[in-house]
C-alpha cells in the first residue's frame, strides 16, 4: 500500500503560515480558501485552518530532553535533514531542542531537532543514515 499522510491543525494567521511553511520550510502551497491553506509538507499533506492551536507542554521524556507534546514531524535522510537544519539556522530559528545526534551507536541512531511554528505548533525533524533503520530496536 502506498499512501500519503494528512494532518490538519490550527494556525491564527494564514499569511504568516505562508511565510513560515512556504518561505522558511520551502513547502509548496496547494489549495486554499479564506479559512485554510494546504501545503506539500515534504511529500505529505498538511492543512492549516484558522483557529486556536493545540495546547502543548514539555512533557515528553526522550533521551536527555523534555520535548513538546503533542508534536508532529518528519523523518528524512541524513543529508536532507542537514540541509533543512542549515536552512533553519540561517533563518535564525529558535530551537526548542537544537540539531543534534541522539542515541549514538544504538539501534535507532538519529539526528533530531525540535522547533515551533509561529503559532506554537511543535515540529520535530529526524534524520537517519538509512530510512530502513527507523524502526530498529
Matching entry among 41, 54 (being at pLDDT 95 or above, surrounded by 15 or more Cβ atoms within 10 Å (Cβ to Cβ) and closer than 14 Å to residue 117 by Cβ) = 41
Just one of (1) surrounded by 13 or more Cβ atoms within 10 Å (Cβ to Cβ); (2) at pLDDT below 95; (3) within 26 Å of residue 110 (Cα to Cα) trips up residue 3, so point out which.
-> (1)
In region 85-133, residues that are closer than 23 Å to residue 24 by Cα, in a loop (DSSP other than H, G, I, E, B) and in contact (Cβ under 8 Å) with a residue 40 or more places away in the chain total 7
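Just need a number here: residues in region 6-21 that are outside any strand (DSSP E or B) and under 13 Å from the mean Cα position of the chain (by Cα).
Qualifying residue count for the region: 2.
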Considering only region 30-65, how many residues are in a strand (DSSP E or B) and either in contact (Cβ under 8 Å) with a residue 12 or more places away in the chain or closer than 26 Å to residue 99 by Cβ (or both)?
-> 19
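The values are calculated or read from the model by the stated rules, or taken from the named source; none is laboratory data. Keep in mind that this is a model prediction, so the values were computed, not measured. In this analysis, Cβ positions are derived from the backbone assuming ideal geometry, glycine residues included, and neighbour counts consider all displayed protein chains.
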